[in-house]
Structures are given as structure tokens and as C-alpha cells.
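Chemist: Structure provided below as C-alpha cells; questions to follow.
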Amino acid sequence: MKYFPTPFKAAAFIAFLLFANMLQAQTATVRGFVYDKDSGEPAMFTNVYLKGTTIGASTDVNGYFSITRIAAGSYDLMVTFIGFDTLSAPIVLKNDEILNKKLFITKKAVTLQTFDVSAEKQEAREDVQMSVTKLTPKEIKQIPTVGGEPDLAQYLQILPGVIFTGDQGGQLYIRGGSPIQNKVLLDGMVIYNPFHSIGLFSVFDTDVIRSADIYTGGFSAEYGGRISSVMDITTREGNKKRYGGKIAASPFVSRLMLEGPIKKSKEIGGGNSSFLVSARTSYLESSSKVFYTYVDTNGLPYNFTDLYGKVSFTADNGSKLNLFGFKFTDNVTYRQLAKYNWDSFGTGASFVLVPGNSPVLIDGLFAFSNYDITLKEAELKPRNSSIGGFNAGLNFTYFIAKDEIKYGLEMLGFKTDFNFFNSVGRFIQQVENTTELAAYIRYKKLIGKKLVLEPSFRVQYYASLSETSPEPRLGLKYNITDKVRFKFAGGLYSQNLISATSDRDVVNLFYGFLSGPDNLPSKFDGKEVTSKLQKARHALGGFEFDLPFHFSLNVEGYLKDFNQLTNLNRDKLFQDTPDNAQIADQLKKDFIIETGLAKGIDFLLKYNYRKVSVWAVYSLGYVDRYDGVREYVPHFDRRHNVNLVTTYTFGKNLDWEVNARWNFGSGFPFTKTAGFYEFLNFSNGITTDYTTENGMLEILYGDLNKGRLPYYHRLDLSVKKTISLAKNSSLDIIASVVNTYDRQNIFYFDRVLYQRVDQLPILPSIGATLSF
């Protein structure tokens, strides 16, 4: 426990350095927020600059901007954003003054279908942008809408380095990392399972999402507690000007979203409050008996419900408080395989504070979330798992010209409760309470017009293991020319949570959680084990090319060295008791240590001009694991993966849209069947008559994951027609087809019945969304 204060010492030192830097400021600052005048929503990623100069900044997800180190004088403050009229606001600045502004931009009366990339190019030159994709609902809706529902889960599947294991019970594996190694945040709150059992839908309603930042590796010290990737999702605030919403229905799901002001501002830029609620439910198990009887006469076995609510309060100076909560449920019955359900709920509060006379922006949150799951598989004993706890954070951001310093503190506390029987009937149980503390600092520095440096450092303390993990990280970008840029990111990462699902499972239905155990084997591969954490080292590098004719190309290579992993021990035969002290750890420990390596290269070609958008991805990846006895490839080791997505908008009023997506992937690994044998359990001890006793059929497996399934490919199409009904009202009619040419992609194979079960067949649908 002597290391307990380490994060706090580091945070105090960081705060001292930043305060000393702040005292050096002798020039003026203009800062504030940019909002959409029609809705009062923050305007993200807008350009704010001083006319006639190169001094400016972009707004963040809260619409916040800060321009520092400005010489005293009179200026025109300009705001530009695609689809909005340019705004000009005269300002006068004095030395050492901090001027606060709230700016409102208005949508253009006529939106031209020309894609202006100037803002995007500026950001590309001044931000590292290594292995990160920034999404808004606009991008999510540019892929075919399954059942008339655009969804984040469908968009994530087309990102470079992302592998999706199936339409049913599938999970996302990001550049060699398993789902437990992906951190998912909703408004800063930890979400333990973001995807429903039918792999077409996430738990997030697209219409409540403001932005989603997807980091597939090399993320900075701002994020911790996971060793592979991060999904940071922020939701909208409700409309502050008027009441409105959406109603949607299709054969897959129906949903309702309502929003509006609670208290309108009495004057432009004044304080206000608003609400937003969203409800979505699936009735596919019932509707499929009518529409998709050729799939299963008993209906497709999926049902889920998602509820989300948010209340926002905004002060005159732009400071805000958000209160939010959610409840997600999922129920599935695979009639020949398993029955399971999970339930997740959470609530929290976040704030953004703009101090009057300080150049710092302060934000923070406190949230609680819980996740419970139960799985019953045929004749096997049930598994169940739960995890629940809180997470809290406090962050400080300073803007110094185009440089940025951010630091903060985090605290997490959670309880895990896990019960599991392995394939030979041995019971594995864990009940654990744990706490994590962390402090971090990130500094973005622009050196001339060529080099961007982003060093960061994180200290994470794991109380249940009494272990501290120092984690240096670095990101950089070098602008070789105005159209060619090199970038790099890397660092050290750690985590405590492990999954109740083994990487060796072919179909991962059970997605439970365990706190990192402290009773790991004392040695691995002949060497002493000095840490009980899971750890990884990332190194990523790549190039960005701005090509002629509105094309751009992004090439990224990555290496993730998982130098210590923890996995369930599928080879356990004996209980870990003093009587079995001479038994090898590999045969008695509940958990084993593994190492892994993921490497690959991703190519992303984009075209976006006028009415056409094209997204083309090719990923080449290799993943392997070593458990001290054998080397094997996990079931998600897909060598080749291709995604082609195109969007075309047409019609007199540009009210028609066609979307297409084709996915191609090489076969996943699987373990072959070597044979069958009769198993006698000698239930009557030595008196059992094995000459007359009937045994059970057991499977003799071949070498782990030495086989390969057939190639996977699928084409999805959708067509959308928008009908304008009134000024603020419209009707979208969407027709879509999943698996258009009815490709029979394998889901799993029943070894005993020698029967193949496929993924979803062709599924046409039509849906409608009324906006008001």
C-alpha cells in the first residue's frame, strides 16, 4: 500500500507546472462556445479565427473554442462551417483580458452538394490523428440501414482493423484485441456491453449520438484501463428552442425519441435547460414469424430494449451540467445451442465549467453502471456474471496558442461476481471488490508548420492487486509536404478486468467480467511472474496522402505486443488445494497466463465530392497467442478483410439516397473434430459395471484452431426517400436488403448432429421514420 499516493503526487506536480506556465501569459484570450441557432445544440468542429490572420481554433464536442496569445486590438471573429452561413463578430481585446463569447450560426437556405475539405485539411496538419476515426450521425447514416435503422454497430464493422465475427452472437475485435480489451464510454460512463446479441445493432440510438471517437490503438494517456482500443461516445443535448422528436418502425425494431426545452433562455445567449429521451425495442422474434418464415418457423430468437434519457442545464457563460441514465436489456434463445439474457443500467452526471478569469476549461463526471448476464447451454451447468460500480473523473485543459495541455484524475470502483463450470465440470468462482486510481497529463505541441508532438503520461494504481503501472505514450505527425504526412503513436497500456469468455470459444455468447485474479501461476514459460496485470505495448506508424480528384489515402501499420494476458484455464482438471500442491499449475489454476502478438497493415481510400461518397478498406492482419504449452491463433484471426461502401444522393431536391456495402473476409480458425468416444463417469464408483453401463458421447478434438472456415462475404443495400411535410417535419421511407444475394455464411457447426448452422440469410425490409 506504500504506492497508494503515487497518482496524487504526480497530479500535484503536473498542476504546479501548468500553473507556472499560466503565469507567463501576457496577451489576450478570446474563448467561448458556438451553437446551432435553430436548435441551441453545440456546433462541433467549426473553424473560429481572426479575420486577416492565421490565428484560430476549432471547436470541440461541446462547441468550445479558445484562442490565446492575441495581441491587443480590434478584430473580426469569424466562424465558418460546412452547411452554415459564415458569421462575423467584431471584438476588441485588451492585454491580459479573457473575453468570453457565445456565437450562434445559421444553416444556409440552400445547401450545395460540394464537399469543402479546407477545415479537414487544417485539422489533418495540426492533429496527430493516429488510428482514430471521428464519427457523427451523418457518417453513420451513410451505410445501408439494416431494417431501416442506421446503427453505430454497422458502421464500426467497416473501420480499418476491425473484425466482426458474425451476424448472430458476433463481437468486434479491434486490431488483435478482444472485446474485454476495448473500453466503451457513453458520456464518460463505462458501458460493459455495447452490442446486442444480433450483431446488427448497438445499444445506442443513432439520433441521440453527437459524436463517437474510435481509437483502434496508440491512444494517449487520457484513456486508461484497457490495452487495445477505446470507443468514446457523446450524446446530444435536447433541442433548446422547440419541442420535437422522431418515430420509427420496421420489421426489426421500433423507436421513439422526444426532445425539447425545459426552460428557454430569455435572451440570446442566456441560460437554458432541455431534455432528451429515447426508447427502442425489438420484436424480431415475433415479426420474423410473419416476414421471415423461411429463416425459422419459430421466429428469430432475438429481443432487446434500450432506454436513454438526458437533462441538460446551461449557464449564461456556457458552463453546463448534464444528468443522464440508461437501461439496456437483451434476451436470446438459440433453440439448439443456448438461452441467455443480460441486463445493464446506469446513471450519472457530467459538467463543463468555464471559470471567469482563468484560461482553463474544467470538466468532470460521476457515474454508476451495472451489468448482469446469465447463460444456459444445453446440458451444461449455467454460467452467470455481474459487474457494477462507479467511475469518476476531473479534467483540466489549457490552450496556449495552438498548443494544448490537458491533465486529470480518475477513480473507478467496481464489484465482480462470477460463477462458471468448465468443460470437465470443474467449478470456477470469483467475488471481488476493486478500486483503480489514475492521473495523467497530455501535451500537444506544434513546432513550426511541420511537426506535431503529443507526449503523454499516465500512472494507474490497481488497489486489489496493490500494483502501480507507469505508462508513457507518444504521438507525432510530420508534414512532409502539404499533401503527404507521416504519423506515429505508441506506448504502454495495462488493465485489470478479464473476460469470462475464452478466446478459444468459437461462438461467444457469454460476455461476463472478472477482476484480475491474484492467484495466477508463479511462473510462465520458465520465468518468474512479477505482475498480475494484463499488459500491452503498441507501436503504430503510417502515412496520409491527399490525392488528386478529391481522393485521400490513409495507410497504417500496427504492432500490438500483448506481453501478458490472463485467460480462463480450459485445461483445469484438479482443484487448487494443498492436497494437490504437486500438480502442475496448468492443470489446477483457475486462470493461466498467455502472451500474444497482433500485427497488420490497413489501407483506407476515401472519395467525397458533390453527390458521391466512397469508402474502401483493405486490412491484412495476423494474431497469435501462446499459453506456455502451445501456440495457437484465436478464433478471430481473420487474415484478409475488405469493406466497400458507397453513397449516392440524387433527385431534384436531393431527396433520394442509395447506399451499398460489400464485406469480404477470409475464413476464421476453428478446431477440427478428430473423433468420438464413449465416456463412462463411473457414477457408482468401483462397483460400476463398465461392461453394461451406457456412457455418454464425447468429442475428441484435434489441434486447437488448426482449421479454417469458408470465406465470408455479404452485400447490403438500402434506398431512402425523404418527403418534406412542413418546415420542421419530414418522412423518411427506407427500403433495405441484408445479404442481398443470399450468401450462406457459416455461423457454427453442430459436431454431434453433423449439422451446419448459417448466419442470417437474405432479409428484405421497409421502414419509415417521421421527424417532427
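Chemist: GluC sites (Glu not before Pro), restricted to region 653-762: which are DSSP loop and have at most 15 other Cβ atoms within 10 Å? Don't skip to the answer; put the middle values down first.
Modeler: Numbers: sites: Glu657, Glu678, Glu693, Glu698; in loops: Glu693.
Answer in residue order: Glu693.
Chemist: How many angstrom lie between the Cα centre of region 129-169 and the Cα centre of region 564-585?
Modeler: Between the Cα centres of region 129-169 and region 564-585 lies a distance of 40 Å.
Chemist: If you count, for each residue, the other Cβ atoms within 10 Å and average over each peptide, how do 154-161, 411-418 line up from highest to lowest? Please report the intermediate quantities before stating the final value.
Modeler: Working: 154-161: 22.8, 411-418: 19.8.
The packing order, highest mean first, is 154-161, 411-418.
Chemist: Asp758 versus Lys606, label points 7 Å from Cα toward the beta carbon: distance in nm?
Modeler: With each label point 7 Å from Cα toward Cβ, the separation is 3.6 nm.
Chemist: Multiplying the sequence separation of Asp76 and Leu620 by 0.36 nm and subtracting their Cα-Cα distance, what value in nm do you get?
Modeler: Answer, rounded to one decimal: 190.9 nm.
Chemist: For an R0 of 51 angstrom, estimate the FRET efficiency from the Cβ-Cβ distance between Gln429 and Lys652 and round to the nearest 0.05.
Modeler: E(calc), rounded to 0.05, equals 0.20.
Chemist: Using a 7 Å offset from the Cα along the Cα-to-Cβ direction at both Ser466 and Asp689, what is the distance between the two label points in nm, to one decimal?
Modeler: Going by the 7 Å Cα→Cβ label model, 5.9 nm.
Chemist: Under the rule of at least 5 residues apart or a separate chain, name every residue whose amide H is placed under 5 Å from the amide H of Ile198.
Modeler: Amide H neighbours of Ile198, under 5 Å, 5+ apart: Gly169.
Chemist: For the chain, find the longest principal axis of its Cα atoms and tell me its angle to the long axis of helix 6-22, 0 to 90°, nearest 10.
Modeler: Result, in degrees: 20.
Chemist: Skipping prolines and chain starts, which residues have an amide H placed within reach, meaning under 5 Å, of the one on Gly217, given they are 5 or more residues away or on another chain?
Modeler: Sorted by chain and number, the residues that satisfy this are Val230.
Chemist: Cross-link candidates for Lys327: which aspartates and glutamates have Cα within less than 13 Å, leaving aside residues fewer than 8 places away along the same chain?
Modeler: Asp205, Asp306, Asp343, Asp372
Chemist: Could you run the Karplus curve 6.51 cos²θ - 1.76 cosθ + 1.60 with θ = phi - 60° over region 747-758 and give me ³J(HN,Hα) per residue in whole Hz, x for Gly and Pro?
Modeler: 9, 7, 10, 7, 5, 6, 7, 6, 10, 8, 10, 9
Chemist: Keeping all protein chains in place, calculate the accessible area per residue for the chain (probe 1.4 angstrom), answer in Å².
Modeler: 42
Chemist: Full-extension gain between Lys721 and Ala539, please, as 0.36 nm times their residue separation minus the C-alpha to C-alpha distance.
Modeler: 61.0 nm
Chemist: By how many nm would the segment from Ser88 to Thr293 grow when fully extended, if each residue of separation counts as 0.36 nm and the alpha-carbon distance is taken off?
Modeler: Working: separation 205, 0.36 × 205 = 73.80 nm, distance 5.98 nm.
Length difference between fully extended and current span is 67.8 nm.
Chemist: Sticking with this one: How about region 584-692: which chymotrypsin sites (Phe, Trp or Tyr not before Pro) there are in a DSSP loop, with at most 14 other Cβ atoms within 10 Å of their Cβ? Write out the running numbers ahead of the final one.
Modeler: Details: sites: Phe591, Phe603, Tyr607, Tyr609, Trp615, Tyr618, Tyr622, Tyr626, Tyr632, Phe636, Tyr648, Phe650, Trp656, Trp662, Phe664, Phe670, Phe676, Tyr677, Phe679, Phe682, Tyr690; in loops: Phe636, Phe682, Tyr690.
Taking region 584-692 and a limit of 14 other Cβ atoms within 10 Å, the loop chymotrypsin sites (Phe, Trp or Tyr not before Pro) found are Phe682, Tyr690.
Chemist: Give the relative contact order (percent, whole number) for the chain; include only Cα pairs under 8 Å separated by 6+ residues.
Modeler: 11
Chemist: If you don't mind, there's one more thing I want to ask. What number, rounded to the nearest 500 deg cm²/dmol, is the helix-based mean residue ellipticity at 222 nm of the chain, given -39500 (n - 2.57) per DSSP H run of at least four residues and division by all its residues?
Modeler: -1500 deg cm²/dmol
Chemist: Can you pull out the chymotrypsin sites (Phe, Trp or Tyr not before Pro) in region 517-560 whose DSSP state is coil and whose Cβ has at most 10 other Cβ atoms within 10 Å?
Modeler: Sparse-neighbourhood loop chymotrypsin sites (Phe, Trp or Tyr not before Pro): Phe549.
Chemist: Which cross-chain or sequence-distant (5 or more) residues have an amide H under 5 Å from the amide H of Leu709, H modelled 1.01 Å from N in plane?
Modeler: Result for Leu709 returns Phe668, Phe670.
Chemist: Based on the alpha-carbon gyration tensor of region 684-737, what equivalent-ellipsoid semi-axes (square roots of 5 times the eigenvalues) come out, in whole Å, largest first?
Modeler: 64, 20, 9
The values are calculated or read from the model by the stated rules, or taken from the named source; none is laboratory data. In this text, all values refer to a predicted model and were calculated from it rather than measured experimentally. As a convention, Cβ positions derive from the backbone with ideal geometry for all residues, glycine included, and neighbour counts pool all protein chains shown. Note: accessible area is taken over every heavy atom of the protein model, side chains too, but ligands, DNA and RNA are not part of it. Shrake-Rupley method; radii C 1.70, N 1.55, O 1.52, S 1.80 Å.
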